[in-house]
Protein chains: 2
Amino acid sequence: MKNYIIHDEWKIIEEGFRQEENRVTESLLSIGNGRSGQRANFEEKYSGDTLRGSYVAGVYYPDKTRVGWWKNGYPEYFAKILNAANWIGIDVCVDGEELDLNRCEVLSFYRDIDMKSGLLTRQFVARLSSGKQIEVRAKRFLSIADQEIGAISYSVKALNFSGELSLTPYIDGNVMNEDSNYDEVFWIGVSQKVAGSSGFVCMETKKTAFQVCTGMNFAVSVDNRPVAPEFTVVEEEKYVGSAFKVWLKAGEEICLEKYAAIVSTLYYPANKLQDATEKALKRAAAKGFDKLFADQEKAWEKRWETSDIRIDGDVAAQQGIRFNIFQLNQTYLGDDERLNIGPKGFTGEKYGGVTYWDTEAYCLPFTLGTAPQMVSKNLLLYRYKHLSKAIENAKKLGFTDGAALYPMVTINGEECHNEWEITFEEIHRNGAMAYAIYNYINYTGDREYLAPYGFEVLLALSRFWSQRINWSDVKKKFVLLGVTGPNEYENNVNNNFHTSYMAVWTLKYTLEAIDYLKKEHPLLFEDLVKKLKLKELKETSRWKKIIKDMYFPYDFTRKIYLQQDGFLDKELIPASELKPEDRPINQKWSWDRILRSPYIKQADTLQSIYWFEDEFDRESIERHFDFYEPLTVHESSLSSCIHAILAASIGRQEKAYEMYLRTARLDLDDYNNDTCDGLHITSMGGTWMAFVQGFGGMRVKNNQLHFNPFIPEGWNSYSFRLNFREAHLEFKMDKSAFSVFNHSKANIDLVVRGKQFHLPAKKELIIK
Amino acid sequence: MKNYIIHDEWKIIEEGFRQEENRVTESLLSIGNGRSGQRANFEEKYSGDTLRGSYVAGVYYPDKTRVGWWKNGYPEYFAKILNAANWIGIDVCVDGEELDLNRCEVLSFYRDIDMKSGLLTRQFVARLSSGKQIEVRAKRFLSIADQEIGAISYSVKALNFSGELSLTPYIDGNVMNEDSNYDEVFWIGVSQKVAGSSGFVCMETKKTAFQVCTGMNFAVSVDNRPVAPEFTVVEEEKYVGSAFKVWLKAGEEICLEKYAAIVSTLYYPANKLQDATEKALKRAAAKGFDKLFADQEKAWEKRWETSDIRIDGDVAAQQGIRFNIFQLNQTYLGDDERLNIGPKGFTGEKYGGVTYWDTEAYCLPFTLGTAPQMVSKNLLLYRYKHLSKAIENAKKLGFTDGAALYPMVTINGEECHNEWEITFEEIHRNGAMAYAIYNYINYTGDREYLAPYGFEVLLALSRFWSQRINWSDVKKKFVLLGVTGPNEYENNVNNNFHTSYMAVWTLKYTLEAIDYLKKEHPLLFEDLVKKLKLKELKETSRWKKIIKDMYFPYDFTRKIYLQQDGFLDKELIPASELKPEDRPINQKWSWDRILRSPYIKQADTLQSIYWFEDEFDRESIERHFDFYEPLTVHESSLSSCIHAILAASIGRQEKAYEMYLRTARLDLDDYNNDTCDGLHITSMGGTWMAFVQGFGGMRVKNNQLHFNPFIPEGWNSYSFRLNFREAHLEFKMDKSAFSVFNHSKANIDLVVRGKQFHLPAKKELIIK
């Protein structure tokens, strides 16, 4: 837990240079535009502790898996989002002395990112060993208006001397992943060129053969007057630079505007990359920094318009929620169904930077609520396109006849995690895939998604469950053995309630889908039966048997479902009785001790209760919450949000607020002491859910929005917005009323605290 | 499964050169003398497939563990027995053309190892590309009479030409482990010297700083006349050689006698190594090959005298049992309690070459029966000396107050496996440690072992179980959660019968030990109480509660104990119904599928029933055998032996024989297709057990030997020998009688088929 970030409604601010927290600040102030992203590294050389990281969307490397003892079916690689060419580099020398904040006196230092516009700003005064003082002001952003472009404005002022300043802007492809399993370099140089003030480096990834071309050009001015120095090009392997010198008088300021282009073979054929790079650089140079930035501001304004959440009366909370929304919007734009939302986005390398069930469970609600419908559909199509790989994955494990097991981690549809207890057993993720289809259709009303896409996925999932579940002669019930629930602090357990529940629900939902298709699209359904070789009677009759006779471990005394068969055999001592020095247990305890303990990492039984709350009465939800939450240590970033929503739904407002705060400022306050590795991007979707579904009490039932709002103590008011089908609505809650403004042209009916309301277009509804 | 080894009573023979099986033959014909050992590699260069391996006892390297995802408590290294300097090397050139059996025509080829004397012989005729033919006869052994010495006799005859033969005997320290986790070289050169016909290379292991000095000298003769050629020394990093040339006329034969010395800092201070090497070389040269070999024969004769098993009427079985005994005797001499019996001995690198519970469970009975008592005691002392490390290991996992968890794999007492489900959970090994103490005392009668050593270990083990077991409120019983039994095809299960049984038995046995010590050695016990901070009343009263109220999963219908809580939830399809193409399942199925299957790798519930058969009546043993054996795939080399003994004990003679054959010729016939990696040394102890306890029906009860022998159909007779306390006995079984000859000076009482017999010294007992 840290507390050095200055509270501000729109900015994330570091004041004073905290070298020891540099990696944390680098993560927090990351910039991104959905196509690439970058940690808040320095432009000039820095010999102190830093994780230099630039990442390009969709470009990965299948790094050879590292395991102790190979077993059949293990994934062969762990895909890594690659650290890509450094495009921000500018070496600075003052009369021959290199600027390096680790080796000079830093007289003042300030850095922030303005979330309104995605602008990263840094300003400092440094005294070199020669005694010469310079002031540097650096600004940069990755454009979301023109996603191939990054721009930097880098100014150096000679404060107390006249002298020669030499600058070398460069592109450097000599980068490695810190988490490379075998210290491999993943990039091969393809071509490079540098002439005058522009140059590029084009590189290819080993094995996957992605190409990325990174180019730069720049313009120089002194005290706002353009100057044309002489350039000396520097060329090394995978490196191009262009050095120049300027004589500054004391008080004069040189400004370098450096533009970068980053293009990849995801969007161009390899032989057009260089051309695309040059074109992008021309566009950038033609506009210049200020005009590019004006476009950027406008584009961000549009994004904020539909997704901003405002809180009056709590700056820390305001900063927290905006930070979450901002980072989600920097990571994923939703315009390319080949991309997804990595757990660290573009802010670090940990977890391989690829797709987990987090997307379906924690991010989809955010895109449904704040982005055009196509964005959410693209997230679903990503999985649809991976279906054949998921079927192949299941086949490797011994499943047949089109059963699919989606990977625990993936980029291209292939499994690439490396622990059997996760890849083979944490199969509830298949349930999340099915739930996402349901959630999308429930929110958007787009049932037509089923026929071309959704049903095919549902069928493959149901086939998996049908084979994975077996009949227990001794229980006279169907059982689901050897699974790992969302609570990874237990694994290889039998009859995990959540997994079994998701399995049975998926079978039911697939049956519903069949009924719907047969009724509404009989011809299409016939085609699907043929294509997917569906033996309807045989397959569905087994599903129906499973639905009827599935075993769920249950405690008849406490009247609660049990997380798994053996849960009550454990010593159930509440987490509150743990000694502070034992927490977080995942850093303090042996894995063995954690596994045998009753402590829960994140919502497990409560995850399905959250998803299917209508199937449980309020007392039952309370019983489960009161049993499981005290045993939960919330050591997953995905835990608090679900608990916040459930707490709100049973009227525990204080608990809901406590849980919400944990998720909202998780990274800003570095709760788990791991922000240095990058941000928890997917859990930011959970924060949004906690707000809208927790405080707002938002649900969608029978094609209608429902609300059950409350306002945390100490806040004056809050507001959020939602896209819902044709409508765009703004909700505001204060101490006295809940109001809804309908910004759209569509009339809408909605339910607030159980009562129906009609809200015409462009009108406001105020409920006291 | 392979079948190319020629059947012979004393020799393991390869006839004809099978290049594709070279690694298998290299394993099978390995030589060893307890101090070092070596695969049957060629002296001359060989560019074909080979695993060059020489290994020195007790010299290891803590190779950095490779795991996918690090968790607290994981062992930091996986200890590797190191591939050490190659001491057999002799480069051979005929008129400038190098001899390499991979690059010339092999006209005839023969290799064998004579188990009577540990002599490896090879003979071949090769036609070089020049058309010149040579005949090579090579013999070598590692002396068990002088364990620092290896000797080679290498003869080359010019068959169809006269020409220049050049030979370069060398020592080469540029070796690597094939299983090095990060392709590291583990050895650093310390010193080396070569002059005339002798030289040495002294190297040190990284991190562990063991030093090994490997020296050579040699003598040359032509047609038995000593010659003195001119030597040209060759020196490179970690390499010394001495080249010379001889002119041979057609039909003449040159013979090189090369002696090697291998000494390590296990036995000398580092500054004395060179001296020790030179002295050993002098001893060798003074004796010469023939005299050294005569000593070797005599020493082996003595070993065979007490350990040989003879079978009349079945050469394959005879070869099989001798091969097992021979390899055990090559691996472990029992004269140094710092050494132990690795699962591959000196024959390969797999499994790290270090100590598993195999030693206690499968090898101790062999040493008890065939070797002086001190040998078995040394095996126990090895663990006693590791006790503080076992306590440290348990501490890392969260246990306190002197509880000990012995490592799953170790060399120096520290855990060095790398899978959590094994290191943290396969804790039944602690039971094997306790059982070994019981077994040793039961066999030898040496109860005095308890006071200085055994009790301290038992107490630490009982403390572990006492903490590891917890009370289940729902079962109202004590439970043992999250364990892996000997059947590693299930893991992280609850209430594994075997583990729980061993735990409870250990508590009982420790209580017995306390009673004995209090009664027989009250003062010693008082000291132990102080030293070990035993709170007798408090600690033992919890043990007694656990003993009284331990939970064992039980099927009241079948009247059998269950392998674990959820075992009956599985689909119990007998292994005989598996398709042939699905076996062995550990090579054909995904790990996931194996875990969910009912198939058993090796005796699990049956392991404790074997160990404590007197606590089960015959019908109960039959019920358990008939339930578990059909589900057992015997994919561990340690499986068949236990099943053979149990089958014999319930009168299933055919089954016993089937199981015995599987274990006896496991490596010779390459049953599991993995002999290429090295031999299954520890399972060879199991083969001996299967013979003596299975066919012989040998047990020790109340300080007496018991027998219940039978003879497999098709055999004429068999005989084996046993050391039992003061007595040395020879047992013979044929179609008509079971006879016992008492070779010793001690009278002895024994029980055969339930009847008491008295056998005076030097007399024979014949029972029809």
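The values are calculated or read from the model by the stated rules, or taken from the named source; none is laboratory data. Please read all numbers here as calculations on a predicted model, not as lab measurements. Cβ sites come from the backbone with ideal geometry, for glycine too, and all protein chains shown count toward neighbours.
Of the residues contained in region B:499-520, one or more are found to be within 13 Å of chain A (Cβ to nearest Cβ), buried (at least 22 other Cβ atoms within 10 Å of the Cβ) and not basic (K, R).
Within the group B:Y435, B:Y382, B:Y362, which residue is over 30 Å from B:L750 (Cα atoms), among the hydroxyl-bearing types (S, T, Y) and at pLDDT 95 or above? Result of the check over B:Y435, B:Y382, B:Y362: B:Y382. Assessment of region B:61-72 against the conditions (away from chain A (no Cβ under 14 Å) and either surrounded by 21 or more Cβ atoms within 10 Å (Cβ to Cβ) or not charged (D, E, K, R) (or both)) yields at least one matching residue.
Looking for whichever is out of contact with any helix residue (DSSP H, G or I) (no Cβ under 8 Å at 6 or more places or on another chain) and part of a helix (DSSP H, G or I) here; the options are A:E392, A:E360. Which one fits? Let's see the steps before the verdict.
Details: A:E360 fails: out of contact with any helix residue (DSSP H, G or I) (no Cβ under 8 Å at 6 or more places or on another chain).
None of the others qualify; the one that does is A:E392.
Looking at the structure I just gave you, is B:D614 farther than 22 Å from A:I422 by Cα and touching a residue at least 12 places away in the same chain (Cβ under 8 Å)? Judged against the criteria, B:D614 is a match.
Where helices (runs of 4 or more DSSP H) fall entirely within region A:546-629, those with at least 2 residues that are more than 9 Å from chain B (Cβ to nearest Cβ) and among the hydroxyl-bearing types (S, T, Y) are at A:605-611, A:618-628.
Across region B:308-349, the number of residues qualifying as crowded, with 21+ Cβ neighbours inside 10 Å, over 15 Å from the mean Cα position of the chain (by Cα) and among the β-branched types (V, I, T) comes to 2. The sole residue among A:E425, A:E421 that is closer than 20 Å to A:P486 by Cα, outside any loop (DSSP other than H, G, I, E, B) and within 14 Å of chain B (Cβ to nearest Cβ) is A:E421. Reported count of residues in region A:105-151, each being part of a loop (DSSP other than H, G, I, E, B), in contact (Cβ under 8 Å) with a residue 40 or more places away in the chain and hydroxyl-bearing (S, T, Y), is 2.
From the list B:T444, B:T484, the one residue that fits, being crowded, with 24+ Cβ neighbours inside 10 Å and in contact (Cβ under 8 Å) with a residue 12 or more places away in the chain, is B:T484. For the criterion of being within 14 Å of another protein chain (Cβ to nearest Cβ) and either among the charged types (D, E, K, R) or touching a residue at least 60 places away in the same chain (Cβ under 8 Å) (or both), A:D179 passes.
Screening B:V529 on (1) within 11 Å of chain A (Cβ to nearest Cβ); (2) free of Cβ contacts under 8 Å to residues at least 60 places away in the same chain shows it passes everything except condition (1).
Looking at the structure I just gave you, is A:V263 more than 23 Å from A:G34 (Cβ to Cβ) and not charged (D, E, K, R)?
Working: more than 23 Å from A:G34 (Cβ to Cβ): no; not charged (D, E, K, R): yes.
The answer is no for A:V263.
Within region B:263-283, residues that are within 14 Å of B:A209 (Cα to Cα) reach partners that are among the aromatic types (F, W, Y) with beta carbons closer than 8 Å, at six or more positions or on different chains, in the pairs B:S264/B:F210; B:T265/B:F210; B:L266/B:F210. For region B:80-102, filtered to residues that are of a type in the set (G, A, S) and out of contact with any Asp or Glu (no Cβ under 7 Å at 6 or more places or on another chain), the residue that is farthest from the other protein chains (Cβ to nearest Cβ) is B:G96. Scanning region A:416-432 for residues that are at pLDDT below 90 and touching a strand residue (DSSP E or B) at 6+ places or on another chain (Cβ under 8 Å) gives A:C416, A:H417, A:N418.
Can you work out which of the residues in region B:395-418 that are more than 27 Å from B:D336 (Cβ to Cβ) and touching a residue at least 12 places away in the same chain (Cβ under 8 Å) is surrounded by the fewest Cβ atoms within 10 Å (Cβ to Cβ)? Within region B:395-418, the match that is surrounded by the fewest Cβ atoms within 10 Å (Cβ to Cβ) is B:T400. The set of residues in region B:367-384 being of a type in the set (A, V, I, L, M, F, W, C) and not in a helix (DSSP H, G or I) consists of B:A371 alone. When B:G398, B:G413 are checked against the criterion of being farther than 30 Å from B:L705 by Cα, at pLDDT below 95 and over 19 Å from the mean Cα position of the chain (by Cα), B:G398 stands alone in meeting it. Test A:E253 against the stated conditions and say whether it is in contact with a Ser or Thr (Cβ under 8 Å, 6 or more places away or on another chain), more than 12 Å from A:G196 (Cα to Cα) and touching a residue at least 12 places away in the same chain (Cβ under 8 Å). The answer is yes for A:E253. Look through region A:47-60, keep the residues that are touching a helix residue (DSSP H, G or I) at 6+ places or on another chain (Cβ under 8 Å) and surrounded by fewer than 24 Cβ atoms within 10 Å (Cβ to Cβ), and return whichever of them is nearest to the other protein chains (Cβ to nearest Cβ). Among them, the one singled out is A:L51.
Could you run through region A:420-465 and say how many residues are more than 20 Å from the chain's Cα centre (by Cα), among the small types (G, A, S) and farther than 14 Å from A:T510 by Cβ? Number of matching residues: 1. Within region A:156-176, being more than 30 Å from A:V201 (Cβ to Cβ) and either part of a strand (DSSP E or B) or hydrophobic (A, V, I, L, M, F, W, C) (or both) holds for A:K157, A:A158, A:L159, A:F161, A:G163.
Among the residues of region B:285-294, not a single one is at pLDDT 95 or above, within 26 Å of B:S166 (Cα to Cα) and in a loop (DSSP other than H, G, I, E, B). Of a type in the set (V, I, T), touching a helix residue (DSSP H, G or I) at 6+ places or on another chain (Cβ under 8 Å) and either at pLDDT below 95 or surrounded by fewer than 24 Cβ atoms within 10 Å (Cβ to Cβ) (or both): does that describe A:I650? Judged against the criteria, A:I650 is a match.
Considering only region B:191-201, state which residues are part of a strand (DSSP E or B) and either within 28 Å of the chain's Cα centre (by Cα) or farther than 30 Å from B:Y77 by Cβ (or both). Answer for region B:191-201, where residues must be part of a strand (DSSP E or B) and either within 28 Å of the chain's Cα centre (by Cα) or farther than 30 Å from B:Y77 by Cβ (or both): B:K193, B:V194, B:A195, B:S198, B:G199. A:D515 passes every criterion in (1) over 20 Å from A:I437 (Cα atoms); (2) in a helix (DSSP H, G or I); (3) among the charged types (D, E, K, R) apart from (1).
Would you confirm whether or not region B:643-653 contains a residue that is closer than 19 Å to B:K601 by Cβ and within 15 Å of the chain's Cα centre (by Cα)? No, every residue in region B:643-653 fails to be closer than 19 Å to B:K601 by Cβ and within 15 Å of the chain's Cα centre (by Cα). Restricting region B:459-483 to residues that are more than 10 Å from chain A (Cβ to nearest Cβ) and either part of a loop (DSSP other than H, G, I, E, B) or touching a His at 6+ places or on another chain (Cβ under 8 Å) (or both) leaves a set whose member that is farthest from A:I560 (Cα to Cα) is B:I469.
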